[in-house]
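Participant: My questions will all concern the structure given below.
The values are calculated or read from the model by the stated rules, or taken from the named source; none is laboratory data. Everything numeric in this text was worked out from a predicted model, so none of it was measured. As a convention, Cβ positions derive from the backbone with ideal geometry for all residues, glycine included, and neighbour counts pool all protein chains shown. Side chains included, ligands, DNA and RNA excluded: accessible areas come from the protein's heavy atoms. Shrake-Rupley method; radii C 1.70, N 1.55, O 1.52, S 1.80 Å.
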Amino acid sequence: MIYPTVATTHLGNIRRNLEGVRRRVGDRAVLAAVKANGYGHGAVPVSRLIEREGLADWLGVATMPEALELRQAGIGLPILKLSQALGDEEIEAALRADVTLTVVDGPTIDQVAAAARRRRYEAAVHLKIDTGMRRIGAEPEDAAALALRCDEAGLTLGGVFSHLAVSDVPAGNDFTAEQVARFTRATEEIEAARGPVELRHLAASAGVLAHPEAWFDMVRPGIMIYGSYPDAQTEKTVRLRPGLSWTTVASFVKTVRAGETVGYGRTWTAERDTTIVTLPVGYGDGYSRLLSNRGRVLIGGRSCPIAGRVCMDQTMIDAGPDADVRVGDRVTLLGRDGDEEITALELAELMGTIPYEVTCLVAGRVSRRADD
Ligand SMILES: *Cc1c(COP(=O)(O)O)cnc(C)c1O
């Protein structure tokens, strides 16, 4: 290990989380969201696991390079690029790599159809409808006409989908019901106009956990397969296990006297003589500077607070006056050590964000491992 800061992806836990999704949604299809490098867990190892063990039927990405990385790694599962088709280069790359594109309006439909004709490819698309997220998608009342336009342009309309805006919190239930109703109406109009669509899909993790009425033909879990609930308030109807641990080692150990300060800006002052341990990890690794003077790490099963500001490449912690820490000792940033555990949710709450961002932030320079 040339660089001792290591993110370990727990493939066995991800497997069990996906098995939990399958158990919950029965015979519906499952699309596993592996965008953003599998929420920081490694899109290729996670997708290989999924394909090898049949844990999902589809993979979902946000960008074409993400899809191509999976194809280049030999992944053959159907891939849906969840964001809309954008530009001829991307569309041609998608057709070549057999990646299903999302269309949202007349121009995207015509552009994909033209590229498919030029290259003599069969192109399948999914039509995205905006039922209330107000991000991307067709207005529900235009959905049937756009579905017909796909058919007339020679595209295979493999799916119709939308996305829920507040399915993660009980306070959003009325709006979620409204979105489900709009989606139901739009898909009924499409099917009345041109016959059945194979995959109608609406639910992400929060929908899987809390809204069976949103499951339709396929569900699209992301965060839950990596072991976090979308929100602390989301119903915990599937037991989840953490998908990632993050560790480093002690790189420098010293005694700091009462009254001395630690780090940039001198924001932390020793109240007593204590052991300050330096870690070779910082915000350049994705260990957020927002954790300065707030976060904690685990050493030898003990919780130790961060002392001062997180630097780009290093972080100091207060191991206490009686610490017995040596250079090279293992330090846990995220995960379990003895009876103590630091979760992505804990870090997220300290940073004022959500677990999604905590694991996405783990940077490219961090060493990578996977275990079962
Ligand atoms: C990322 C994404 C998902 C997965 O969302 P989670 O909240 O992580 O489960 C599902 N659908 C779409 C369209 C997405 O972009």
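Participant: Accessible area, 1.4 Å probe, largest first: how do Lys236, Lys81, Lys254 sort? If you can, show how the numbers build up before the last one.
Facilitator: Values: Lys236 120, Lys81 5, Lys254 70 Å².
The most accessible residue leads, giving Lys236, Lys254, Lys81.
Participant: At a Förster radius of 35 Å, what calculated FRET efficiency corresponds to the Cβ-Cβ distance of Asn293 and Ile2, to the nearest 0.05? Before the final figure, lay out each step's value.
Facilitator: Values: r = 31 Å, r/R0 = 0.87.
In this case the efficiency is close to 0.70.
Participant: Order Thr332, Thr267, most accessible first, counting only protein heavy atoms with a 1.4 angstrom probe.
Facilitator: From most accessible down to least: Thr267, Thr332.
Participant: Over what distance in Å are the Cα centres of segment 345-370 and segment 175-197 separated?
Facilitator: 37 Å
Participant: Provide the FRET efficiency to the nearest 0.05 for the Lys236-Arg302 pair, computing r from the beta carbons and using R0 = 25 Å.
Facilitator: Efficiency at R0 = 25 Å is approximately 0.30.
Participant: For Arg185 and Asp313, compute 0.36 nm times the residue count separating them, minus their Cα-Cα distance, and round to one decimal in nm.
Facilitator: Numbers: separation 128, 0.36 × 128 = 46.08 nm, distance 5.31 nm.
Extra length available between Arg185 and Asp313 comes to 40.8 nm.
Participant: Take the solvent-accessible surface of the protein heavy atoms, probe 1.4 Å, and return the percent of it on the chain that carbon and sulfur atoms account for. The partial results should precede the final answer.
Facilitator: Values: 7730 of 16070 Å².
The nonpolar share, carbon plus sulfur, comes to 48 percent.
Participant: Further question on the same structure: With a 10 Å cut-off between alpha carbons and a GNM built on the chain, which of Gly295, Gly38, Gly172 moves the most?
Facilitator: Gly172
Participant: While we're here: What is the packing order of peptides 152-160, 27-35, taking the mean over residues of other C-beta atoms within 10 Å and listing the highest first? Intermediate results must be reported in sequence, preceding the final value.
Facilitator: Working: 152-160: 19.0, 27-35: 21.0.
Ranking the peptides 152-160, 27-35 by packing returns 27-35, 152-160.
Participant: State the answer as a single residue: which of Met312, Tyr356, Thr255 lies farthest towards the positive end of the charge dipole of segment 245-372, with beta carbon charges of +1 for Lys and Arg and -1 for Asp and Glu, about the Cα centre.
Facilitator: Met312
Participant: In the Gaussian network model of the chain, springs joining C-alpha atoms below 10 Å, which of Met64, Met316, Met133 carries the largest mean-square fluctuation?
Facilitator: Met133
Participant: Points 7 angstrom from Cα along the Cβ direction at Arg52 and Asp273: gap in nanometres?
Facilitator: 5.3 nm
Participant: A further question follows. What full-extension length gain, to one decimal in nm, is calculated for Lys254 and Ala192 as 0.36 nm per residue of separation minus the Cα-Cα distance?
Facilitator: Working it through step by step, the gained length comes to 15.0 nm.
Participant: Another question, then. Counting pairs of alpha carbon atoms under 8 Å apart in space and at least six apart in sequence, what relative contact order in percent does the chain give? Walk me through the numbers before you get to the answer.
Facilitator: Numbers: 844 pairs, mean separation 67.9, N = 372.
In percent, rounded to a whole number, it is 18.
Participant: Based on the Cβ-Cβ distance of Arg119 and Ala145, what FRET efficiency does E = 1/(1 + (r/R0)^6) give at R0 = 25 Å, to the nearest 0.05?
Facilitator: Details: r = 26 Å, r/R0 = 1.05.
Calculated value: 0.45.
Participant: May I pose another question? Given a 1.4 Å probe and the protein chains all in place, what does the accessible area of Ser83 round to, in Å² to the nearest 10?
Facilitator: Accessible area, nearest 10 Å²: 40 Å².
Participant: Give the percent of DSSP beta bridges with both residues in the chain that are antiparallel, rounded to the nearest 5.
Facilitator: Working: 30 of 60 bridges.
DSSP beta bridges in the chain are roughly 50 percent antiparallel.
Participant: Can you sort Thr255, Thr261 by 1.4 Å-probe accessible area, starting with the largest? Walk me through the intermediate numbers first.
Facilitator: Details: Thr255 80, Thr261 45 Å².
These residues rank, largest area first, as Thr255, Thr261.
Participant: Using a 1.4 Å probe, how large is the accessible area of Ser245, given in Å² and rounded to the nearest 10?
Facilitator: Around 20 Å² of this residue is reachable by solvent.
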